[in-house]
Amino acid sequence: MTEILADYGLFLAKILTLTAAVLVVSGLIIGMARRQHSEPELTVERLNDRYEHMAMAIRRVASGKQEWKKVNKARRAEEKARRKAGSTGPRIFVLDFRGDLRATATASLREEVSAVLGAAGEGDRVLLRLENAGGTVHEHGLAASQLARLKAAGIDLTVAVDKVAASGGYLMASVADRIIAAPFAILGSIGVIAQLPNFHRWLERRGVDFEQVTAGRYKRTLTLFGENTEEGREKLREDIEEVHRLFKDEVSRHRELLDVEAVATGEAWYGTRALELKLIDEIGTSDDYLMKAAREHELLLVHYRIKRKLPERLAHRAAALWQQAVDALAASALRDRLTR
């Protein structure tokens with residue numbers, strides 16, 4: 001027991017020393033960051049130009065010099081006529097969402113949606129290229145609500161899934177008027193999960209007591225360090241079932257032809273099977289969709305981001321290094337005990 005306490009004391013001293021150092025450095029960085037504010041940036045790229053330039057680059061090499069001149073001259077004349085007429089056809093605003101557990105891209109999505117709502121005209125549409133394996137309920141619920149703003153404004157929304165839209169990701173996709181997915185994209189996982197380790201018996205064997213005081217019968221149902229009760233487990237199960245019911249109701253509201261009960265098992269399917277189950281509407285990739293649409297639409301890629309100043313970037317990096325250091329110290333302490 002004495003050896004364990006000594007190891008723990010040494011480990012704790014290392015953590016406290018490292019924490020103090022990190023806090024001092026972080027304080028200096030944050031102080032600098034407060035004097036240098038981040039700047040939002042909204043960029044808009046015309047994808048038609050990107051596709052045309054790539055195609056012309058190949059034609060220039062593949063065709064002879066005289067043929068290239070003819071093609072280029074015709075292209076310039078067509079572009080000039082289109083600009084003179086002042087008509088580029090209806091627009092498709094292209095948005096990207098790359099998800100993580102906390103759906104942190106929602107901060108950018110809400111600004112992009114606001115920008116589109118302010119600029120969209122009659123006949124304009126939105127394509128969301130979605131890649132999201134799910135995560136926290138409330139964060140992904142907010143992301144889905146941002147897409148619902150487009151629907152509420154009467155703007156046609158298509159979601160393209162090239163890789164994955166599962167769990168919270170599928171909750172977002174279900175809002176769309178139309179979902180297209182690649183043959184091997186993963187979709188579904190309409191389910192909810194909660195899990196956490198419990199160290200109560202480990203602490204008990206070492207004579208360590210854990211005290212937890214709450215006000216409210218269900219303020220804390222399960223705990224990491226205390227002894228969990230069957231009542232707490234049952235309450236958590238009830239909460240999970242309620243979230244699952246809300247999940248199913250939301251998907252069912254947007255996809256009326258889908259048999260939600262048949263697919264709300266937590267399972268996920270590849271694109272071809274997802275089409276059979278009516279989880280999606282069409283097999284295809286975002287590239288297929290955009291290349292076809294480019295013939296008659298102006299494609300505008302809209303991206304919002306915060307340009308962080310150097311001090312802020314350093315602060316984020318410091319936080320990441322701190323977490324890595326804690327993990328390394330914990331692993332080192334464990335190795336020391338195992339080799340003795």
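All of the numbers you see were taken from the coordinates with simple rules; none came from a lab. None of the values given here were measured: they were computed from a predicted structure. Neighbour counts are summed over all protein chains in view; Cβ atoms, including those assigned to glycine, are modelled from backbone coordinates with ideal geometry.
Annotations for the structure displayed:
- Extension gain, His303 to Asp209: 0.36 nm times the residue separation minus the Cα-Cα distance gives 28.7 nm.
- Karplus-based coupling profile of region 167-180, in residue order and whole Hz: 6, x, x, 6, 4, 5, 4, 4, 5, 5, 5, 8, 10, 10, with θ = phi - 60° in 6.51 cos²θ - 1.76 cosθ + 1.60 and x standing for Gly or Pro.
- Out-of-range pairs (alpha-carbon distance over 25 Å; input Lys248/Lys292; Lys235/Lys278; Lys73/Lys292): Lys248/Lys292; Lys235/Lys278
- Shape call, region 169-227: gyration tensor on alpha carbons, a/c limit 1.5: oblate
- Label reach from Trp202 (point 7 Å along Cα→C-beta): in region 213-254, amide nitrogens under 17 Å belong to 223-228.
- Ranking of His244, His140 by count of other Cβ atoms within 10 Å, fewest first: His244, His140
- Shape of region 243-287, Cα gyration tensor, a/c cut at 1.5: prolate
- Spatial offset of region 247-303 relative to region 199-229 amounts to 44 Å, using the alpha carbon center of each.
- Note on Arg237 and Ser114: the model spin-label points, each 7 Å out from Cα along the C-beta direction, lie 4.4 nm apart.
- The gain in end-to-end length when the Thr265 to Arg76 segment is fully stretched comes to 62.5 nm, 0.36 nm per residue minus the alpha carbon separation.
- Each Cα pair under 8 Å and six or more residues apart adds its sequence gap; the mean of these over the residue count of region 192-266 is a relative contact order of 29 percent.
- 3J(HN,Hα) couplings calculated from phi for region 268-273 with the Karplus curve 6.51 cos²θ - 1.76 cosθ + 1.60 (θ = phi - 60°) are, in sequence order, 10, 10, 6, x, 4, 6 Hz; Gly and Pro show x.
- FRET efficiency, Tyr218 to Thr104 (Cβ-Cβ, R0 30 Å, nearest 0.05): 0.55
- Two-site label geometry, Arg245 and Leu142: point separation in nm, points 7 Å out along Cα→Cβ: 2.6
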